2 protein chains.
Amino acid sequence: MNLKELSSLLGLSQTTVSRALNGYPEVSEATRKKVTAMARAHGYAPNARARGLATGRTMSIGHVIPLSTRHEIVNPVFSDFVAGASEIYSANGYDMLLTVVPDQGEAEAYRKITARQTVDGVIVHGPKAQDGRIALLREIGMPFVVHGRMSADDTGYAWVDMNNVTAFSCAADCLIDLGHRRIGLLNGLETLDFALRRREGVQRALAAAGIEAQARYFLSDEMTEGFGYRATCALLDLDEPPTALIVSSLIIGIGVRRAAEERGLKLGRELSLIVHDDDLSYLRNGSETGAPVFTATQSSVRDAGRMCAQNLLDIIAAPDTAARFQTELEAKLVMGSSTGPCPV
Amino acid sequence: MNLKELSSLLGLSQTTVSRALNGYPEVSEATRKKVTAMARAHGYAPNARARGLATGRTMSIGHVIPLSTRHEIVNPVFSDFVAGASEIYSANGYDMLLTVVPDQGEAEAYRKITARQTVDGVIVHGPKAQDGRIALLREIGMPFVVHGRMSADDTGYAWVDMNNVTAFSCAADCLIDLGHRRIGLLNGLETLDFALRRREGVQRALAAAGIEAQARYFLSDEMTEGFGYRATCALLDLDEPPTALIVSSLIIGIGVRRAAEERGLKLGRELSLIVHDDDLSYLRNGSETGAPVFTATQSSVRDAGRMCAQNLLDIIAAPDTAARFQTELEAKLVMGSSTGPCPV
DNA sequence: TTGAAAGCGGTACCAG
DNA sequence: CTGGTACCGCTTTCAA
């Protein structure tokens, strides 16, 4: 069923039918009623491609995910982010176009997506400290919002990020106040901006306290359970092992727990822990924390997804406002956890 | 840059340029060279909507995800599946369109997606024992592949599933052979087909061994760490707790470990475990298993993603062959784990 | 081997 | 308030 058929069925012109369905004011209430009734009866929905061709808009948003051994998509954060973003998209009639590309082909993917006019805007995932994608998207004039930011230059474009530096610096401060001097960090891949900021936060706190940062206590890799396990083992094997760890994600923290358990170490007593918690659905259930969170910095990835999506839609509506959309979500240091009071 | 501009730049007709770029044979090698060179120089890529409108194909595949409190997307399995499917899509020039819809609006979402001609085919996620979507998609003639299957009727449509019944029945057999009589199951939501099949597998094995199945040992919920923890606590609190558990996912298993640990129970000695392992990237790293897998049934969700995608593309090319694409991926019982020999 | 022109299914301008 | 018509950018007959 297409517009032509529908309108001839009604004995009206395509113009009128189109107007009736799109809520234009100049159509009489009577005909609008007839038209919508008939449309529903025949399950008419306008052909998305044709409409897009005519209006110049696709009503879909692109998410380009680099596919590599160290890829974003294995990160379960991605699922929750998508869940949040989708809420906004579907409420506004947008779809989400996922393009998974080999790492080196990323720039070309953005160019192509733009040239083909397949999306109205783009979310940039996993920005690096200086990320070529931002300049590229700016250059080709594709509206975009970055989840995270590019520390080298965080002005003039839209981003939604958490306060990584402050949050992780607070975490370190907390441990320092408790008397810890040998503090480790199990971080995400430090090619990524967020991980660098987290590291910087920890280092600042140490420096401010006059503690020499020990590079061997700072480990960084993909945020998997396996990394948490191996890293903890390695650190505990040092002649002077750290007495406290700051951990970049719950899933890493689960690996830490496994390692500690194998050695009979009591977490929170023999090894103190502050874990960053992205509030991921598959770990949580209700308000319960299913991980060794004794003290946590908390933020919600799903909120970030919602916010990125909403800002992007606003930017698409008014492209010149992009530079104004810079949101820092606050992750706070939360003492204790649902599994008991803070034993750090 | 569009076709008209490009062709006038070359002093050729749109027809010729189009043919040159799309590899039609009737164009001379000389002009083809010139055309492709010029196209690359100006970063020309055909407008996807216009092309789709002309050809009737969108070159994109739909994934409709129900968004509810118990939604698929929180399941990290989804990420890995998408990673696998995307490999196939990008290798074939397809994009992936994610539509997240409220639960009750799902049928309408499929109808709309079809009416708007926004995708060439669809992957069905999380089928139930009898799932209305399958009849619906058949009726409206949209090519589709089901990840999983509908036990009520698994003929006449394409699916990729694992051998849930057999795998879980083997798992139970194994435990029975070791002398266990009180065997529990921590299962996914039993509104979903795969979970029902897993339960059926366990029950068959118990029945065959003349063991009365105890409903109170069979727990089912979303597959989160929290569920694993709570369920294990509840089971261990029974007056006659189970001596062995079969666990439907690694993430549940992690919760089991937490519960066991809190009570000082040695897994593999005081509580035996067989865990199904979907080989998810964020838990694994290389070949290491980051969970309490003492004996596992293994399958790869990523493989399933690849296979679904490939089959769907084949079906789109030859729609009448759909009924032939029924693939059962084998999950085997693997004794032991990388963390040591099987201690069950 | 090349080109003109008719769609594909809508939207939006301009007349009436 | 309604209708005719010219696009949107590409593919694809049909003629040359």
- request: Keeping the other protein chains in place, figure out the carbon and sulfur percent of the accessible area of segment B:20-137, with a 1.4 Å probe.
  value: 54 percent
message: For the ranges B:26-34, A:54-62, what's the packing order if you count other beta-carbon atoms within 10 Å of each residue, average per peptide, and put the highest first?
response: A:54-62, B:26-34
- request: Could you tell me what percent of the DSSP beta bridges with both partners in segment B:164-299 are antiparallel, to the nearest 5?
  value: 5 percent
query: Ignoring any ligand, DNA or RNA, what whole percent of the accessible area of segment A:154-204 comes from carbon and sulfur when the probe is 1.4 angstrom?
result: 49 percent
- line: Summing +1 per Lys or Arg and -1 per Asp or Glu among the other residues with Cβ less than 13 Å from B:Gly43's Cβ gives +1
- prompt: Can you give the average number of partner chain beta-carbon atoms within 10 Å of each beta-carbon in peptide A:82-89, as a whole number?
  reply: 4
statement: homo-copy label distances at B:Glu108 (7 angstrom along Cα-Cβ), nm, one dp, ascending, are 4.3
- prompt: What number, rounded to the nearest 500 deg cm²/dmol, is the helix-based mean residue ellipticity at 222 nm of chain A, given -39500 (n - 2.57) per DSSP H run of at least four residues and division by all its residues?
  reply: -13000 deg cm²/dmol
Per residue solvent-accessible surface (Å²) - the protein assembly as shown, probe of 1.4 Å: 41 Å²
- line: Label points for B:Val334 built 7 Å along Cα→Cβ; distances to same position in the other copies, nm, shortest first, come to 3.4
message: Give the average, rounded to an integer, of partner chain Cβ atoms located within 10 angstrom of each Cβ in A:102-109.
response: 1
Ranked by how many other beta carbons lie within 10 Å on average, peptides B:222-230, A:219-227 from highest: B:222-230, A:219-227
message: Under the rule a/c < 1.5 gives rounded, and otherwise a/b versus b/c splits prolate from oblate, where does segment B:164-299 land using the Cα gyration tensor?
response: rounded
statement: Asked for the total accessible area buried by B and A (1.4 Å probe, Å², nearest 100), one would answer 4800 Å²
task: State, to one decimal in nm and shortest first, how far the label point of A:His42 sits from each corresponding label point in the other identical copies (label point: 7 angstrom along Cα-to-Cβ).
output: 4.0
message: Given contacts defined as C-alpha pairs under 8 Å and at least six residues apart, what's the relative contact order of segment B:151-239, whole-number percent?
response: 32 percent
- request: Using packing as a proxy for protection, rank A:79-90, A:170-181 so that the peptide with the highest average count of other Cβ atoms within 10 Å comes first.
  value: A:79-90, A:170-181
Residues in segment B:41-66 reached by a label modelled at B:Tyr24 [backbone nitrogen below 20 Å; 7 Å Cα→Cβ]: B:44-58
field: Neighbourhood charge, 15 Å Cβ-Cβ cut-off, centred on A:Ala318 and excluding it, Lys, Arg +1 and Asp, Glu -1
entry: -1
task: Work out the FRET efficiency for A:Ala234 and A:Thr321 from their Cβ-Cβ distance, taking R0 = 56 Å, and round it to the nearest 0.05.
output: 0.70
- prompt: Counting partner chain Cβ atoms within 10 Å of every residue's Cβ in A:40-52, what's the average?
  reply: 5
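The values are calculated or read from the model by the stated rules, or taken from the named source; none is laboratory data. Quick caveat, the model's predicted, so the values are computed rather than measured. Counting neighbours? That spans all protein chains shown, and the Cβs are built from the backbone with ideal geometry, glycine included. SASA here: full protein model, heavy atoms, side chains in, ligands and nucleic acids out. Shrake-Rupley method; radii C 1.70, N 1.55, O 1.52, S 1.80 Å.
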